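Colleague: First the structure, which I've put down as structure tokens, then a few questions once you've had a look.
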Amino acid sequence: MFVQVVQRFQELFAQTKYKEAAELAAESPQGILRTPDTVAKILYPKTAECSCASWANSTTVAVLWTFGTLLTRGKLNAFESLELSRLVVNQNKMNLLENWLAEDKLECSEELGDLVKVGYNPDYFFLLQTILGTDPQGAVNFALMMSQMEGGCPVDYNTITDLFLQRNLIREATAFLLDVLKPNLPEHAFLQTKVLEINLVTFPNVADAILANGMFSHYDRPRIAQLCEKAGLYVRALQHYTELPDIKRVIVNAHAIEPQSLVEFFGTLSREWALECMKDLLLVNLSGNLQIIVQFAKEYCEQIVEFAFRVEEDAVWSQAAKAQLREGLVSDAIESFIHADDATQFLDVIRASEDADVYPDLVRYLLMVRQKVKEPKVDSELIYAYAKIDRLGEIEEFILMPNGAVDAARKANSSKTWKEVCFACVDAEEF
């Protein structure tokens with residue numbers, strides 16, 4: 001079938017039926033008559049070693065007829081655009097070329113750009129304006145072609161951007177700027193700021209992606225920080241602000257910030273600033289922001305203890321104690337639990353204290369716990385801790401108390417505690 005189409009095209013061309021031949025080319029299956037090889041053989045018979053003199057004499061007319069017909073059907077491909085442009089440049093018919101470009105009838109290419117530059121000096125601004133009216137994406141491609149011209153873009157980048165923005169073509173303006181600003185040059189600081197500004201106002205998620213990509217480093221950071229805050233991109237705002245009052249103002253929106261992200265940000269601050277920020281979080285909403293303190297305690301144990309001293313909140317002391325216990329700082333953890341008046345973790349504290357052999361601290365802790373928790377386990381462990389540090393006088397006092405040591409040991413049913421109580425009883429002559 002393809003062979004028949006090519007043969008039919010050659011027959012029509014030989015008969016100088018250029019319009020019919022062009023229509024056949026436009027409708028050829030899979031564009032087989034619109035490839036560089038096929039078009040070259042047919043339109044340039046000398047190059048293809050064709051002996052048909054009539055074709056050679058009528059090549060220019062044939063090309064114009066063929067491409068003219070194709071233009072009425074749509075847009076020429078890159079090769080066709082280049083060949084047609086060569087003809088009109090050679091004939092100095094620049095107005096035709098300018099009109100076709102304006103109507104987006106030609107596919108832009110680097111070769112076409114070079115040809116156009118050599119052939120004439122068109123009004124690129126007018127061309128871009130005209131293309132924008134009918135084909136925004138084509139205008140982007142045309143603008144990018146101009147940006148790659150040898151000697152520089154004939155229309156400055158900011159003017160091109162404004163042409164897109166005047167038509168509210170935000171995505172097209174962004175696509176153009178992201179491409180031409182890839183080198184990340186200091187002289188493009190204004191345009192870097194501009195592309196971030198327009199997206200923070202209209203498409204914050206796009207601006208967030210641009211910032212996450214880290215492709216720009218010369219934009220106006222204070223200005224972008226303000227716009228990030230207004231757009232609700234609080235983590236990005238925090239990453240750009242450099243003054244403590246600004247940072248403290250943003251963290252009030254902690255409910256809209258992922259806790260781990262906020263904790264990681266605190267880790268980039270000085271110790272003093274991080275503690276100041278956390279203090280403000282608790283002042284705004286103690287219960288709501290406690291989870292952030294929990295996360296911070298997991299990663300920055302030393303700072304959370306200092307913070308607990310500053311705010312003197314039981315909830316913060318509890319988190320500090322848990323963090324210390326995880327770090328194996330058992331005595332410090334016991335001190336923090338006592339500060340917090342928190343008896344909820346007594347089983348973990350007992351186990352850790354026995355492993356660390358810090359029975360004096362455990363005694364202090366269990367005396368606090370015993371005021372809050374009525375558990376035989378607590379009494380038996382207290383007696384055992386007394387015995388381990390030879391504080392038999394306290395055991396004797398405990399025995400003499402109503403429902404004292406003997407009753408506690410009986411309830412606990414612990415051989416370990418029974419043994420220590422027996423020793424204490426014998427020592428106290430309570431046979």
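None of the figures in this text is laboratory data; all of them are computed from the coordinates on show. Bear in mind the structure is a predicted one, so any value in this text is a computation, not a measurement. Virtual Cβ from ideal backbone geometry, glycine too; neighbours counted across all protein chains shown.
Colleague: Can you work out ³J(HN,Hα) from phi for every residue in region 385-393, in order, using Karplus 6.51 cos²θ - 1.76 cosθ + 1.60 and θ = phi - 60°, giving whole Hz and x for Gly and Pro?
Modeller: Computed from phi, the couplings for region 385-393 are 5, 4, 5, 5, 10, 6, 9, 6, x Hz.
Colleague: Sort 153, 228 by Cβ crowding within 10 Å, fewest neighbours at the top.
Modeller: Numbers: 153 17, 228 25.
Least to most surrounded, the residues fall as 153, 228.
Colleague: Now a separate question. Whole-Hz ³J(HN,Hα) for each residue in region 163-180, computed from phi via Karplus 6.51 cos²θ - 1.76 cosθ + 1.60 with θ = phi - 60°, x for glycine and proline: what do you get?
Modeller: For region 163-180, the Karplus-derived couplings read 4, 5, 5, 4, 9, 6, 8, 5, 5, 5, 4, 5, 4, 5, 5, 4, 6, 6 Hz, x marking Gly and Pro.
Colleague: Now for a different question. By its C-alpha gyration tensor, with a ≥ b ≥ c as the square roots of the eigenvalues, how is region 263-360 shaped: rounded for a/c under 1.5, else prolate for a/b larger than b/c, else oblate?
Modeller: Details: a/c = 2.40, a/b = 1.82, b/c = 1.32.
It comes out prolate by the Cα gyration axes.
Colleague: Also, I was wondering about something else. I need the phi-derived Karplus couplings for region 234-248: 6.51 cos²θ - 1.76 cosθ + 1.60, θ = phi - 60°, integer Hz, Gly and Pro marked x.
Modeller: Per residue, the Karplus-derived 3J(HN,Hα) values read 5, 5, 4, 4, 4, 5, 9, 6, 10, 10, 4, x, 5, 5, 5 Hz.
Colleague: Alpha carbon centre of region 221-268 versus region 356-388: separation in Å?
Modeller: Region 221-268 and region 356-388 have Cα centres separated by 46 Å.
Colleague: Using only the alpha-carbon atoms of region 188-347, report the extent along each of the three principal axes, biggest first, to the nearest angstrom.
Modeller: Cα spread of region 188-347 along its principal axes, largest to smallest: 60, 26, 24 Å.
Colleague: Turning to a different aspect of this structure: Among rounded, prolate and oblate, which fits region 182-231 when a ≥ b ≥ c are the square roots of the eigenvalues of its C-alpha gyration tensor, a/c under 1.5 means rounded, and a/b larger than b/c means prolate? Present the calculation step by step, with values, prior to reporting the outcome.
Modeller: Working: a/c = 1.94, a/b = 1.49, b/c = 1.30.
It comes out prolate by the Cα gyration axes.
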